Amino acid sequence: MIVVVFGVFLLTILVVTAVAIVRTENLFVAVMLMSIFSLLMAANFFILDAADVALTEAAIGAGITTVIFLGALALTARREEAVSSGRMVPLAVVTVLAMVMIWATFDKPRLGDPDAPVHQHVAPWYLEKTPELIGIPNVVTAVLGTFRGYDTLGEVFVVFAACIGVLFVLSAGGLRDRSKEADAESIGLKHHLIPKVVGRLLVPFIVLFGLYVQFHGEYGPGGGFQAGAIIATGIILYALLEGETNALRALPRRVLLGMVVGGALLYTLVGVAGMLLGGNFLDYSVLASDPVVGQQVGIILIEAGVGITVCGSLLSIFHAFAAREAS
Amino acid sequence: MELLGYFNYWVFAVVLVIGFYAVIAKGNLIKKLLGLAIFQSAVFLMYITMDKIEGGTAPIIQDGADGQLYSNPLPQVLILTAIVVGVSMTAMGLALVVRIKEAYGTIEESVILEEDHRS
Amino acid sequence: MELTLDILSWILMTTGGLFVLIGGIGALRLPNIYTRMHAASLTDTMASILVLTGIMLQAGFSLATIKLMAILVFLLLTGPTASYAIANAALLSGMRPDAAETSPDKAKTPTEPSA
């Protein structure tokens, strides 16, 4: 009961935040509200028993998305021009759409119904067979890594392609003059002693936590997607504190690009290795003499590939935005 | 109490159309992308709502807890990957917006369309 | 013993919740950004210490307590730093911390007293 009330409360704030995002004309405020929206969404996911998804949404939605949006705002505009005309038609359209959708929800099974069709299909099989076939406690990681390995491979390649796309679009012309940047850096820094000291203290722990999430993903909530985002957050914090140049000295663009390509390649090679050893593509049970151990080796390797790709592409995207000159 | 079981789906519908409204009614390209992100989050909410099972817990199997119900792992896997793909797509959209700003000097749709008609 | 711990932890958590409420009201009602931050930073420090200590009493000696301590240390490091960074940014962007009652919306006309 108390959980239901709490969920209703959070969801109500969620709607209010969404309305505020659409209504405000200050884009900076809108982006900050978007971060709050993501955090509320993560809390909701957690109440709905989706710990892995909550972790992902908190790290990526509330963390990385905000940074990328802010990077884009610095290059474009702070405020939105007021639109004077044509507000009635869209409003009517979305009202009708909302009515139709709310009417349709009455055909859906209510929240938590054990007889809902979605709980009858493959999910019981996954829950029953995971301890026997894979031998790891976290079913989400098992489904992500082996049962639906093709799907995850596709998603990794989508991230890879999006990263390459951003680099293509943003690399042409207009890169910031390095000499000007050195000046700007020396002005701002003397006021930021406290954040720098505290930040320096925190960066190693954030990266360490990221590695924990990466390698503990088989036993608790976590995995490559979350870990990649958390490690990227730590390095972005370093870049914000010490300046982009220093961050690029520590992790040059070439290395980042190598991570993006290497992670996707590692995932594919694990699949190919399965084929060479006589199994199917992405069949990990042939990787070791014991099929269960093979599955576990496969999951650890492909999660590492996922983490490397996600971390590399998020950092590449961040640097691509940071390196452009505001026009 | 019976009706509260549908509350998550109503919030899904309302948040979805709020995002949709921002996409179709706002002229600012960044606002449109924010609307798209809200729309996307609403879909995530619907999927995760479906995975919940009464008396269940997160799908991490505990030893010695026989008969424990676990929530459905499949929607969680789908949404976990979708969130990461979502941020990549948002970044791609923002990169295009930055280039549009450099080419046209504005990110307001009406001004961009005007300029296109003139040339 | 059990009951004493329960009562103690509930007192701590309720007081912490009260501080969050006070911080929220202050952030909405106070006149300018510096006073607002003063109210908001209350939730970062006092409230989080009280609430987390309350939860630790509930958790007893277990791994969860260690995790909660780590969270507390993290919050106590980052919260004041974030407050400092916001105040610093406000100062650099030209908001004067003077006693005249200026609301953030009217920062450009600091002479005009707000009601």
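Three principal axis extents describe the C-alpha atoms of the stretch A:28-122; from largest down they are 50, 36, 20 Å.
Within the same chain, aspartates and glutamates fewer than 8 places from A:Lys196 are excluded, and of the rest, those with a Cα less than 13 Å from its Cα are A:Glu242. Note down the net charge around A:Met101, summing +1 for each Lys or Arg and -1 for each Asp or Glu among other residues with Cβ under 12 Å from its Cβ. Cβ neighbours under 12 Å give a net charge of 0. Pairs of Cα atoms nearer than 8 Å and 6+ residues apart set the relative contact order; for the stretch A:1-80 it is 33 percent.
May I ask you to list the chymotrypsin sites (Phe, Trp or Tyr not before Pro) in the stretch C:1-104 that are in a DSSP loop and have at most 14 other Cβ atoms within 10 Å of their Cβ?
Details: sites: C:Trp10, C:Phe19, C:Tyr34, C:Phe61, C:Phe74, C:Tyr84; in loops: C:Phe61.
In loop regions of the stretch C:1-104 (DSSP not H, G, I, E or B), the sparsely surrounded chymotrypsin sites (Phe, Trp or Tyr not before Pro) are C:Phe61.
Note down the net charge around A:Val3, summing +1 for each Lys or Arg and -1 for each Asp or Glu among other residues with Cβ under 13 Å from its Cβ. Summing Lys and Arg as +1 and Asp and Glu as -1 gives -1. Taking trypsin sites (Lys or Arg not before Pro) as exposed when DSSP calls them loop and at most 13 other C-beta atoms lie within 10 angstrom, chain A has its longest site-free stretch at A:191-327. Peptide B:65-75 shows a mean partner chain C-beta count of 6 within 10 Å per residue C-beta.
Taking every Cα-Cα distance in the protein assembly as shown and sorting them into 10 Å bins starting at zero, the pair-distance distribution P(r) comes out as 3, 15, 25, 28, 19, 8, 2, 0, 0 percent. Among A:Leu202, A:Leu301, A:Leu193, the largest mean-square fluctuation in a Gaussian network model of chain A, built with springs joining Cα atoms closer than 10 Å, belongs to A:Leu193.
Of the residues B:Ile107, B:Ile48, B:Ile61, the one that moves most in a GNM of chain B with alpha-carbon contacts below 10 Å is B:Ile61. Which of A:Val15, A:Val89, A:Val156 moves most in a GNM of chain A, Cα contacts under 10 Å? In this elastic network of chain A, the residue with the biggest mean-square fluctuation among A:Val15, A:Val89, A:Val156 is A:Val89. For the listed residue pairs A:Lys129/B:Lys52; A:Lys108/C:Lys67; B:Lys52/C:Lys67; A:Lys108/A:Lys129, the alpha carbons are over 31 angstrom apart in A:Lys108/C:Lys67.
Please say if chain A is rounded, prolate or oblate, where rounded means a/c under 1.5 for a ≥ b ≥ c the square roots of the C-alpha gyration tensor eigenvalues, and otherwise the choice is prolate for a/b larger than b/c and oblate otherwise?
On the way: a/c = 1.89, a/b = 1.13, b/c = 1.67.
Verdict is oblate for chain A.
Net charge around B:Ala22, counting only other residues with Cβ within less than 13 Å of its Cβ (Lys, Arg = +1; Asp, Glu = -1)? Before the final figure, lay out each step's value.
Working: positive: A:Arg23, A:Arg87, B:Lys26, B:Lys31, B:Lys32; negative: A:Glu25, A:Glu80, B:Glu109.
So the environment of B:Ala22 carries a net charge of +2.
The mean number of Cβ atoms from other chains found within 10 Å of a Cβ in peptide A:3-10 is 2, as a whole number. Among C:Ser62, A:Ser171, the order by Cβ neighbours within 10 angstrom, fewest to most, reads C:Ser62, A:Ser171.
Quick one: check the C-alpha center-to-center distance for the stretch A:6-34 versus the stretch B:34-95, whole angstrom. Result: 20 Å between the Cα centres.
Hull volume per residue, based on the alpha-carbon atoms of the stretch A:1-80 and their convex hull, is 62 Å³.
Show that you can apply the helix-only estimate: for chain B, add -39,500 (n - 2.57) for every DSSP H stretch of four or more residues, divide by all residues, and state [θ] at 222 nm to the nearest 500. All intermediate terms of the calculation are to be shown ahead of the outcome.
Numbers: 4 runs with 84 residues, N = 119.
The per-residue figure over chain B is -24500 deg cm²/dmol.
Scaling against 2.2 N^0.38 Å puts the C-alpha radius of gyration of the stretch C:2-94 at 1.27.
Throughout, read-outs are computed from the coordinates displayed, never taken from laboratory work. A quick note: this is a predicted structure, and the numbers were derived from the prediction, not measured. Reconstructed Cβ throughout: ideal geometry from the backbone, glycine too, with neighbour counts over all protein chains shown.
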